[in-house]
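This report refers to the structure that appears directly beneath it.
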Amino acid sequence: YQLLATKLSGHVVSARALHGAAFPKQTALWKTLVFKQIAIEHFGAAVQSAVASECTIISIGDSTDEFIASAEAKKQLQSQFGVNSHLIRLHLKKRASRATMLKQFNVLSTAICSMTGDDQQSGDFVFN
C-alpha cells in the first residue's frame, strides 16, 4: 500500500510502451522487466538503508504474464537483496461479467483483510 500511495498514485506504467519496441510480442518479458524495476526501486532501497528485510508483492491481473512477472521479481529480491518476500497473486477472470467482477472484488476484500496480521504468507487466488 505504501508504494501505491507514495510513488504510483496517479501514474500508469505501460510495459508495452517501455519495452515493446525492444522485445516485440514478448509480453511476459515486458511485464517481468517492469515488475523487477518497481520492486528494486521500492524494496531494494529500503533494504539497503536497513529499513526493511521483508516485503509483500501483490499482483492483480487477468493474464499469466503478471503471474510470471511477479514471481520473477520475488526471486530477484531474494537473490539480489536477501529480502524475505511474500507474494500474493490474484488472477482475475478475463472479460468477466458484472456479477463475476463483484465476486472477485469480495474475494479481494477478504484477502486484504486477512493480510493485515503479522503472519503474512504467500498465496495465489485464481478466478476461472
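Numerical summary
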| quantity | calculated |
| --- | --- |
| Interchain or long-range residues, amide H under 5 Å from HIS86's placed H | CYS55, THR56, ILE57 |
| Nearest-0.05 FRET efficiency for SER53 and THR110, computed from C-beta distance (R0 22 Å) | 0.20 |
| Residue-by-residue Karplus 3J(HN,Hα) for region 28-36, coefficients 6.51, -1.76, 1.60, Hz, glycine and proline x | 5, 5, 4, 5, 4, 4, 5, 4, 4 |
| Integer Hz, Karplus 6.51/-1.76/1.60 couplings in order for region 87-102, x for Gly and Pro | 10, 10, 10, 10, 9, 7, 6, 6, 6, 6, 6, 4, 4, 5, 4, 5 |
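Read the figures in this text as sums done on the coordinates, not as results from a lab. For clarity, every value in this text was computed on a predicted model and none was experimentally measured. Note: ideal-geometry Cβ built from the backbone for every residue, glycine included; neighbour counts use all protein chains shown.
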